[in-house]
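To start, the structure itself, in C-alpha cells.
The values are calculated or read from the model by the stated rules, or taken from the named source; none is laboratory data. Small disclaimer: the values here were computed from a predicted structure and weren't measured. All Cβ positions, even for glycine, are placed from backbone atoms using ideal geometry, and neighbour counts span all protein chains on display. Accessible surface areas use protein heavy atoms only, side chains included; no ligands, DNA or RNA. Shrake-Rupley method; radii C 1.70, N 1.55, O 1.52, S 1.80 Å.
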Amino acid sequence: MYSIKKGINNKSKIKIFIFILIISSGFLGCNFSNKSASSSENLNLSVPDSNNEFFQEIGQSIGLNFIHSIGSKEMDNIIESVGGGTAFLDFDQDGFIDIFMCSGTWIEGFSDGDKPDNLPVNRLYRNLKNGTFEDVTEKAKLNIPMYSLGSTIGDYNNDGYPDIFISNYGINALFKNNGNGTFENVTKNAKIGGGKNECSVGAVWFDYDNDGLLDLYVGNYLEFNPDYKYFYAPDGFPGPLAYNSQPDILYHNNGDGSFKNVTKQMGIVDIDGRAMGVGAADYDDDGFMDIYVANDHTVNYLWHNNAGKGFTDRGVMSGTAFSQAGEATVSMAIDFSDYNQDGLLDMFISDDNYCSLYENLGKGVFKDNSYASGISIAAGQFIGWSSSFLDYDNDGDADIFKTNGELKHRYGQEDQLFENLGDGKFSDVSVERGSYFKEENVGRGACMGDYDNDGDIDIFITNLDNKAKFLRNNKGNLNNWITLNLVGQSSNRDGIGSRIKIVSGGKNYIMQKISTSGYLSQNDPRVHIGLNKNLTVESIEIKWPSGKIQLLKNVKINQILTIKEPI
C-alpha cells in the first residue's frame with residue numbers, strides 16, 4: 001500500500017513570523033562555552049525571499065543558530081579537529097525533517113582553558129513546518145554534555161520512531177526515541193557504549209543478516225593520549241600516525257533492546273585502520289549490504305558481506321583500498337550512487353587531495369575516475385571532508401557536494417558543488433550557484449534533504465568551532481521529481497538496504513536506501529529522485545531486504561510517496 005503527500009513551496013515572497021527561544025549573543029566568531037545556543041530572547045524569525053541564486057544561505061534567519069564547539073579556546077589536539085557530524089531525521093514523524101547536530105564539549109585534562117559555566121551540548125532542532133526551526137534539545141532530554149563527533153540515525157527497535165547513536169571521544173551513546181518528543185539514554189542496557197578510552201568517529205546502521213533488525217558498525221579512530229606532545233611545531237599537534245589505531249566494532253541487534261559484539265565472529269580484523277567515514281551499501285547486488293571504511297592515512301576497507309555469515313576485506317582486490325596514485329590517503333567520507341546510470345552502485349571518497357570517484361565495473365571491481373571525470377584538478381587545492389551525491393537540479397543524474405576546511409588549523413576554504421555532465425564528466429559550478437560558495441569556512445559534516453517538502457534538496461553544513469550554515473535550494477524544483485518514504489514491515493522499519501528501480505521517460509534510475517552518508521552525517525531518510533522534464537513515472541520496483549519485490553505502475557510525479565512493504 002502507499003499514500004501520497006503533496007509537495008509545498010514556501011520560497012516565494014513568504015513572510016512568517018514566530019517567537020521562539022534563541023540566542024542572545026555570540027552570533028559572530030568562534031564558540032567555546034556555547035552559551036549563546038542555550039541563552040534566549042524573543043526575536044522575530046522570517047523566511048527570506050529568494051535572492052534568485054540557486055543556493056541561498058538562510059540559517060540564522062530561520063532559527064538554525066547552532067555553533068559547533070571544540071570545547072577549547074585553541075585547537076591543540078587531533079580529536080578536536082575531526083568532529084562536526086550532523087543528520088536530517090523526522091524524529092516526531094510529522095512529515096518534515098528535523099536536524100540533529102554534534103558538538104564537542106569541555107573535558108578536564110583534555111580541553112584547553114577553564115571549565116565554562118555552560119558546557120556545550122549536541123543540539124536537536126524541530127522543523128516547524130513553516131520554513132523555520134525551534135531548538136528542542138532540552139525538551140527532548142538530549143542536553144547531556146559529551147564529546148560527540150558524529151551520529152547515525154536508525155529505528156533499531158522497529159517502533160516507528162528514529163533513534164540516535166552518537167559516536168564520541170569516550171563512551172558512545174544510544175538514545176531511544178520515546179515517540180513523545182523525548183529521548184532516553186539506553187546505552188548501558190543496550191551494551192553498545194564501547195570503552196571509556198575509545199574514540200569512535202564514523203558509524204552506520206544496516207541489517208547485515210536481513211533478519212529485520214538494524215545492526216551497527218562503529219568505526220574507531222586511535223588511542224589518543226592527551227599528554228603526548230612530541231611533534232613538529234608548525235604542524236600544530238601530532239597527527240594520526242603518532243598514535244596506535246583502535247579496532248572497529250560490529251554489533252548485532254539481539255531484538256530485545258541489547259546488542260552483541262560479533263566483530264571477531266564475523267571475520268572483521270582491523271589491524272591498523274583509523275576509521276573516519278563509514279558507510280554501508282550492497283555494491284554487488286547480491287542482497288546483502290557491504291561496509292566501506294574510509295581510514296585516515298591507512299588502507300581503506302571494503303568488507304564484503306558473505307550472505308550474512310561473515311565479512312571479507314576486498315578493498316585491495318576491488319581497487320578501492322588506495323587512491324588513483326596507489327596511495328593510502330587521508331580519507332574522510334563515503335557515499336554511494338549510480339552516477340553513470342549503468343545499474344551499478346559507484347562510490348565517492350573525499351580526502352585531503354584529489355579524492356576518488358570509483359566507477360563500479362561489475363564483478364567486484366572498481367576504477368578510480370576522479371582524474372578522468374574532472375574532479376581531481378578542481379578538488380586538489382582543497383582538503384575535503386563531507387561529500388554526498390545529490391541531484392541538486394533534478395535533472396536526473398547524481399551531482400556531488402563537498403565541504404572543505406584545513407586539517408590542523410582553523411583556516412577556511414570554499415565548499416564545492418560538482419555538476420554531473422552526463423558523459424562521465426563533472427564540472428565545478430560552485431560560484432555559479434550562489435554567493436555562499438565564495439565564503440571560506442572550516443567545513444566538516446553536512447546533510448542533504450528537502451526541509452520544506454518543495455521537491456528539491458537543501459543542504460545543512462557544520463563548520464568546526466563556528467556557526468553552521470544552511471543552503472536553501474531555490475531552483476531545483478523547476479524540474480520534476482518524486483520522493484519515496486519507505487516503511488518496512490518484514491524488513492527493518494526504515495527499509496535500509498532496499499534497492500529501488502524507477503522507470504520514467506523510458507530511462508532507468510537505480511538507487512539504494514542507506515543510512516549514514518558523507519562525513520559523520522546522514523541525509524534525508526526519504527529517497528529523492530530528480531525526473532528532469534518527465535511527466536510520469538511508468539514504474540517503481542522495490543526489492544526489500546526481506547527479498548520481497550513490490551511493483552507500482554503509473555505513479556504521479558512531484559509528490560512525496562509513502563510506500564509500505566507488503567506483509
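For the reader, a short list of remarks on this structure follows.
- Within the accessible area of region 218-360 (1.4 Å probe), percent carbon and sulfur: 51
- Accessible-area composition of region 398-470, carbon plus sulfur, in percent [1.4 Å probe]: 42
- The Cα center of region 159-207 and the Cα center of region 490-519 differ in position by 25 Å.
- All-pairs Cα distance distribution in region 420-511, expressed in whole percent, bin size 5 Å: 3, 9, 13, 18, 20, 17, 11, 7, 2, 0
- Gain upon complete extension [GLU223, ASP49; 0.36 nm per residue less C-alpha separation]: 57.8 nm
- Charge tally in the Cβ shell below 9 Å around PHE259, where Lys, Arg are +1 and Asp, Glu are -1, PHE259 excluded: +1
- Taking 0.36 nm per residue of sequence separation and removing the Cα-Cα distance, the LYS501/ASP112 pair yields an extension gain of 134.9 nm.
- Cα gyration tensor shape for region 309-381, rounded if a/c is under 1.5, else prolate or oblate: oblate
- Taking a sphere under 14 Å around the Cβ of SER200 and counting the other residues whose Cβ falls inside, with K and R at +1 and D and E at -1, yields a net charge of -3.
- The alpha-carbon atoms of region 414-567, seen along their principal axes, cover 50, 32, 29 angstrom, with the largest extent given first.
- Cα gyration tensor category, rounded, prolate or oblate, for region 335-450 with a/c compared to 1.5: prolate
- Equivalent-ellipsoid semi-axes of region 483-546, from the Cα gyration tensor, Å, largest first: 22, 15, 9
- Solvent-accessible heavy-atom area per residue, rounded to whole Å², over region 108-202 at 1.4 Å: 38
- Only the Cβ atoms of Lys and Arg (+1) and of Asp and Glu (-1) were treated as charged; on that basis the dipole of region 243-316 about its Cα centre amounts to roughly 280 debye.
- Evaluated over region 410-461, the Cα radius of gyration and Dmax, each in Å: 12.8, 37
- Interatomic Cα distance distribution for the chain, bins of 20 angstrom, percent: 23, 61, 15, 0
- Convex hull volume per residue for region 251-292, taking Cα atoms only, in Å³: 114
- Surface per residue (accessible, 1.4 Å probe) for region 503-567, Å²: 40
- Shape class for region 270-407, computed from the alpha carbon gyration tensor (a ≥ b ≥ c): oblate, with a/c not under 1.5 and a/b at or below b/c.
- For ASN197 and LYS367, the difference between the fully extended length at 0.36 nm per residue and the C-alpha to C-alpha distance is 57.4 nm.
- Total formal charge among the other residues, if their Cβ is under 13 angstrom from that of GLU184, Lys/Arg +1 and Asp/Glu -1: +1
- Residues in region 179-191 carry Karplus couplings, in order, of x, 10, x, 10, 10, 10, 6, 10, 4, 4, 5, 6, 6 Hz; the curve used is 6.51 cos²θ - 1.76 cosθ + 1.60 with θ = phi - 60°, and Gly or Pro positions show x.
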